[in-house]
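Chemist: Dropping a structure here in structure tokens format, bear with me for questions.
The values are calculated or read from the model by the stated rules, or taken from the named source; none is laboratory data. Owing to the predicted nature of the structure, the values given are computational and were not obtained by experimental measurement. In this analysis, Cβ positions are derived from the backbone assuming ideal geometry, glycine residues included, and neighbour counts consider all displayed protein chains.
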Amino acid sequence: MSVQGVNMAPHADNDVQNGGSAAPVSKYHSATTKGAIAAENQYAAHNYHPIPVVFSRAQGVNVWDPEGKHYLDFLSAYSAVNQGHCHPELIKVLTEQAGRLTLSSRAFYNDVFPVWAEKVTKMFAFDMVLPMNTGAEAVETAIKIARKWAYKVKKVPQGKALIFAAADNFHGRTVSLLYASSFFLFLTGVIDDSDKTGIDDGHLSVS
């Protein structure tokens, strides 16, 4: 498959022009598309229904499966890799940092997070920033902040706070966010109190 006129991460052009090839196999990687899908279906919980394409290696917008078949990644991990797969500058700093300090929990301080937080708050003119790993965590945190503001600042009576979400949306896979999303009809053990509010969809009552 030939791709022309596509902006790719540096060094992506050579792989595309050469047609790509199957990635080297190790004990940590599935050797075939069929084998990868079969093993995941057998050993991993079925909380997702992936497209039947196995990513084996990638560069820029280009992705290859274990057999070397070439694809273009238009999903970009839900925008998490908008910069392109395996961008050399990101690989460089990730490798350097992993060799210096792999991970620290928020139970400790580290010397990178405060520098990042200062940069982000100044860039976007925020007072403070709270990063999250997933979109679901971000929405859950927003609900918690709104709830606390309602009770402490707005003086909403205890147990009377209401959270509203737009219809026809998807915020995440936690129980509360599924209920706030258009998928709440698939849940059991939750109460639809739209008869109290006159709103059919996207209403979540929290106390």
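Chemist: Could you check segment 65-96 and list, in sequence order, the residues that are in contact with a helix residue (DSSP H, G or I) (Cβ under 8 Å, 6 or more places away or on another chain), buried (at least 19 other Cβ atoms within 10 Å of the Cβ) and at negative phi?
Modeler: Asp65, Pro66
Matching residues to (1) part of a loop (DSSP other than H, G, I, E, B); (2) surrounded by 12 or more Cβ atoms within 10 Å (Cβ to Cβ); (3) at pLDDT 85 or above:
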| site | (1), (2), (3) |
| --- | --- |
| Gln4 | yes, no, no |
| Asn7 | yes, no, no |
| Val16 | no, yes, no |
| Gly19 | yes, no, no |
| Ala23 | yes, yes, no |
| Ala38 | no, yes, yes |
| Val54 | yes, yes, yes |
| Ala58 | no, yes, yes |
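Residue by residue, here is whether (1) modelled with pLDDT under 80; (2) assigned to a loop (DSSP other than H, G, I, E, B) holds:
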| position | (1), (2) |
| --- | --- |
| Trp149 | no, no |
| Ile163 | no, no |
| Asp168 | yes, yes |
| Leu178 | yes, no |
| Val190 | yes, yes |
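Chemist: Which condition from (1) surrounded by 11 or more Cβ atoms within 10 Å (Cβ to Cβ); (2) under 23 Å from the mean Cα position of the chain (by Cα) is the one that Lys148 breaks?
Modeler: Among (1) surrounded by 11 or more Cβ atoms within 10 Å (Cβ to Cβ); (2) under 23 Å from the mean Cα position of the chain (by Cα), the lone unmet condition for Lys148 is (2).
Chemist: Please name all residue pairs, on different chains or six or more residues apart, with Cβ atoms under 9 Å, provided the first residue is in segment 116-131 and is assigned by TED's automatic domain parsing to the domain that holds Ser105 and of a type in the set (Ser, Thr, Tyr) and the second residue is in a helix (DSSP H, G or I) and exposed (fewer than 11 other Cβ atoms within 10 Å of the Cβ).
Modeler: none
Chemist: To continue, here is another question. Go through (1) at pLDDT 95 or above; (2) of a type outside the set (D, E, K, R); (3) surrounded by 12 or more Cβ atoms within 10 Å (Cβ to Cβ) for Ser104 and report which single condition fails.
Modeler: So Ser104 meets the others, but not (1).
Chemist: To continue, here is another question. Restricting to segment 120-147, what's the tally of residues that are farther than 18 Å from Ala180 by Cβ and part of a helix (DSSP H, G or I)? First the steps, then the outcome.
Modeler: First, the residues of segment 120-147 that are farther than 18 Å from Ala180 by Cβ: 120-131, 133.
This time we only want the ones that are part of a helix (DSSP H, G or I), so: 120-124.
Number satisfying all stated conditions: 5.
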